[in-house]
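Read the structure below first, then the notes.
The values are calculated or read from the model by the stated rules, or taken from the named source; none is laboratory data. Everything numeric in this text was worked out from a predicted model, so none of it was measured. With ideal geometry, Cβ positions are generated from the backbone for all residues, glycine too; neighbour counts draw on all protein chains shown.
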Amino acid sequence: MEAIYLDHAATSPMAKGVVEAMIPVYEGIIGNASSVHSFGRKARQQLDASRQALAASIGANEKELIFTSGGTEADNMALVGVAEASQDKGNHIITSVQEHHATLHTAEKLEKQGFRVTYLPVNEKGLVSIQDLEEVLTDDTILVSIMYVNNETGVIQPVAEIGELLKNHQAYFHTDAVQAYGLIDINVHEQNIDLLTATAHKIGGPKGIGFLYANEKVSMSPIQFGGEQERKRRPGTENIPAAVGFELASNIVLETKAARNQQYQKYKQILTDTFTEAGIDFAINGEPGKTVSTIINISFPGTNVEALLANFDLSGVAASSGSACTAGSIEPSHVLSAMYGPDNPVTTNSIRFSFGLANTEDNVKEAADRIASIVKRLTS
Ligand SMILES: Cc1ncc(COP(=O)(O)O)c(C=O)c1O
């Protein structure tokens, strides 16, 4: 029985050629990018080239790109770094109830430190509202952090409108673009985004590297202390093989964006057509016209997440009940709770399927058949 991976929003396999591109860097670029000798200069050159390519991928310049260990660190750095550096301008932060825990838990820590945090609600379709944001924005607001794409529902948030609204406000605009990067065209300067988070392992790059873009005008305190790397914003010896892997994965996703989006939309269709033909009861969570191609979140009335995931796994199908960080625990999804209310059965009977490099039309169809028969069995 073929194991079928439908959990690319948790992490993705490495794209073709990425491991092969990293090996010569491990073997041949042995210097520390901070060293002044020839080995160090060679490492610095390679790091700068990767930094430049990644910065260009979002319309930024290389001075604005800080390498991190991934999305979590970038989110922490954006929130804590900006909050601590902007205390003279105010102490109000706005985010939303459906953010990834890397943002939510950081915001909660800042609240304990004395910052005032407003958590915007989302509607039943999984969207934050510009009107809600406008209403809570004050002269005291220093940061607004709203994710680009929700990792459980795939719903694309009104990022351009938020950027426009904040253009002439002192508050910086941070967006966690982990689930958007490589699928949606991003130009941080045109979209008035001041800070943006991305991570390599969701796009076919290595785990353990990401970046935070921070516009040159943003003042930010470091959250770790040590050397002067990354323009004194993030200490520690840089991971050059991972930066090269990230750069290549980024080039691949940008070049193949249109074709992949089309392919993944087809996979969504195969899944829902199969469920409809099988006559099982299901509903899609989130505004279907406003989701990324890779993620579809489906509620199966009369079932529960634990039984579904365990049976899917036994049949060789890997999916998730939401954020990978909470998978394994049986807490209802905080995202679906925000959309439907905490007591709604949807919060405990919904599954996130996410497509990527490990999929073909055939294996998606095969997975859909297995899922449909499991749901039929569990609800009969
Ligand atoms: C929206 C979002 N933000 C942040 C993260 C964390 O990224 P990383 O695993 O690179 O720390 C994830 C990963 O699940 C995510 O989906």
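For the structure I just gave you, tell me whether Arg260 is more than 15 Å from the ligand (Cβ to nearest atom), among the charged types (D, E, K, R) and within 21 Å of Leu110 (Cβ to Cβ). Talk me through it step by step, then tell me what you get.
Values: more than 15 Å from the ligand (Cβ to nearest atom): yes; among the charged types (D, E, K, R): yes; within 21 Å of Leu110 (Cβ to Cβ): no.
For Arg260, the condition - more than 15 Å from the ligand (Cβ to nearest atom), among the charged types (D, E, K, R) and within 21 Å of Leu110 (Cβ to Cβ) - is not met.
Of the residues Lys167, Lys202, Lys217, which single one is more than 21 Å from Ala85 (Cβ to Cβ), of a type in the set (Lys, Arg) and modelled with pLDDT of 95 or more?
On the way: Lys167 fails: more than 21 Å from Ala85 (Cβ to Cβ); Lys217 fails: more than 21 Å from Ala85 (Cβ to Cβ).
So the residue among Lys167, Lys202, Lys217 that is more than 21 Å from Ala85 (Cβ to Cβ), of a type in the set (Lys, Arg) and modelled with pLDDT of 95 or more is Lys202.
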Within region 202-217, restricting attention to residues that are surrounded by fewer than 20 Cβ atoms within 10 Å (Cβ to Cβ) and away from the ligand (no atom under 16 Å from the Cβ), which residue is farthest from Asp7 (Cα to Cα)? Lys217
Matching residues, region 221-241, being within 21 Å of Ala83 (Cβ to Cβ) and buried (at least 21 other Cβ atoms within 10 Å of the Cβ): Arg234
Can you tell me which residue among Ala198, Ala180 is within 11 Å of the ligand (Cβ to nearest atom) and over 28 Å from Tyr26 (Cα atoms)? Ala180
Test set (1) more than 19 Å from Leu212 (Cα to Cα); (2) away from the ligand (no atom under 16 Å from the Cβ) - Pro13 fails condition number: (2)
Please verify whether region 290-305 includes one or more residues that are without any contact (Cβ under 8 Å) to a residue 40 or more places away in the chain and away from the ligand (no atom under 16 Å from the Cβ). no
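I'd like the residue in region 248-261 that is touching a residue at least 12 places away in the same chain (Cβ under 8 Å) and of a type outside the set (Gly, Ala, Ser) and, out of all such residues, is surrounded by the most Cβ atoms within 10 Å (Cβ to Cβ).
Narrowing region 248-261 to residues touching a residue at least 12 places away in the same chain (Cβ under 8 Å): 248-254, 257, 260-261.
With the extra rule that they be of a type outside the set (Gly, Ala, Ser), the set shrinks to 248, 251-254, 257, 260-261.
Values: Leu248: 25, Asn251: 15, Ile252: 20, Val253: 22, Leu254: 16, Lys257: 15, Arg260: 19, Asn261: 16.
Looking at the filtered set, the residue picked out is Leu248.
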Which strands (runs of 3 or more DSSP E) does region 33-133 wholly contain that include 1 or more residues that are within 30 Å of Pro241 (Cβ to Cβ)? 65-68
Scan (1) under 28 Å from His201 (Cβ atoms); (2) part of a loop (DSSP other than H, G, I, E, B); (3) over 23 Å from the mean Cα position of the chain (by Cα) for the single condition Gly356 breaks and write down its number. (3)
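Has region 111-122 got at least one residue that is under 15 Å from the mean Cα position of the chain (by Cα) and either under 22 Å from Glu216 (Cα atoms) or within 16 Å of the ligand (Cβ to nearest atom) (or both)?
Restricting attention to region 111-122, the residues satisfying the condition of being under 15 Å from the mean Cα position of the chain (by Cα) are none.
Taking every residue of region 111-122 in turn, none turns out to be under 15 Å from the mean Cα position of the chain (by Cα) and either under 22 Å from Glu216 (Cα atoms) or within 16 Å of the ligand (Cβ to nearest atom) (or both).
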Among the candidates Ser129, Ser35, which residue alone is away from the ligand (no atom under 16 Å from the Cβ) and out of contact with any strand residue (DSSP E or B) (no Cβ under 8 Å at 6 or more places or on another chain)? Ser35
Out of the residues in region 62-85 that are away from the ligand (no atom under 14 Å from the Cβ) and acidic (Asp, Glu), which is surrounded by the fewest Cβ atoms within 10 Å (Cβ to Cβ)? Glu62
Checking the conditions here, which among Ala200, Ala177, Ala171 is out of contact with any helix residue (DSSP H, G or I) (no Cβ under 6 Å at 6 or more places or on another chain) and within 30 Å of Arg352 (Cα to Cα)? Ala177
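Among Asp139, Asp88, Asp132, which is the only one that is touching a residue at least 40 places away in the same chain (Cβ under 8 Å), out of contact with any Asp or Glu (no Cβ under 6 Å at 6 or more places or on another chain), farther than 30 Å from Glu255 by Cα and surrounded by fewer than 24 Cβ atoms within 10 Å (Cβ to Cβ)?
Asp139
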Given the conditions (1) surrounded by fewer than 19 Cβ atoms within 10 Å (Cβ to Cβ); (2) in a strand (DSSP E or B), report the number of the one that Lys376 does not fulfil. (2)
Quick check on region 38-56: of everything there that is under 19 Å from Asp194 (Cβ atoms) and surrounded by fewer than 22 Cβ atoms within 10 Å (Cβ to Cβ), which residue is farthest from the ligand (Cβ to nearest atom)? Ala56
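Can you name every one of the helices (runs of 4 or more DSSP H) wholly within region 205-302 that holds 3 or more residues which are farther than 27 Å from Ala78 by Cβ? Lay out the reasoning, then the answer.
Details: elements: 229-232, 240-255, 257-278.
The helices (runs of 4 or more DSSP H) meeting that bar are 257-278.
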Taking only pairs six or more apart or across chains, which ones have beta-carbon atoms under 8 Å, a first residue in region 96-119 that is among the basic types (Lys, Arg), and a second residue that is assigned to a helix (DSSP H, G or I) and within 16 Å of the ligand (Cβ to nearest atom)? Lys109/Val80
Based on this model, can you work out whether Leu254 counts as within 13 Å of the ligand (Cβ to nearest atom) and in contact with a Ser or Thr (Cβ under 8 Å, 6 or more places away or on another chain)? no
